[in-house]
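Take a look at the structure below.
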Amino acid sequence: MRRTVRVRDLLANERTFLAWLRTAVALMTFGFVVDKFDLFLHLRVFPVRPSALRPWDSLFGVTLVVLGVVVTSAATVHFARVRAGILRGDHRPAAVSPLPLWAAGLLTAVGLGLAAYLWRAPTS
């Protein structure tokens, strides 16, 4: 059964896509801030020689930036598939989209890792 293409459906798809892009930008920005704040802590609060910095100190910041890039890519693919389905007239909304669940799981893992890192960080 072919449905007629409604502008409302296309615009809703685009709003969802833009929301995912905002989320991805927020992830990348937060990752950058986490990475640079870590550097700030080492340079100002806990001064040490740069060679003494552990290479995995910025792992969480880089992970968040990469996660933002992955979310952007996944959202773009999802947007294109849904748009094509709407234009063909055979798109049926999924009961549950895997993208939010997948992103929430990754964010939970990164958040737990960041919490564990901060818990174990030396205070002086």
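Just so it is clear, none of the values below were taken in a lab; they were calculated from the coordinates. Please read these numbers as outputs of a predicted model, since none were measured by experiment. Note that each Cβ is placed from the backbone with ideal geometry, even for glycine, and that neighbours are counted across all protein chains shown.
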- Query: Given R₀ = 35 Å, FRET efficiency for THR29-VAL7 by Cβ-Cβ distance, to 0.05?
  - Reply: 0.60
- Given a Förster radius of 22 Å and the C-beta distance between THR108 and VAL70 as r, what FRET efficiency does 1/(1 + (r/R0)^6) yield to the nearest 0.05? 0.90
- Here, ARG81 and PHE37, labelled 7 Å along Cα→Cβ, have an inter-label distance in nm of 3.4
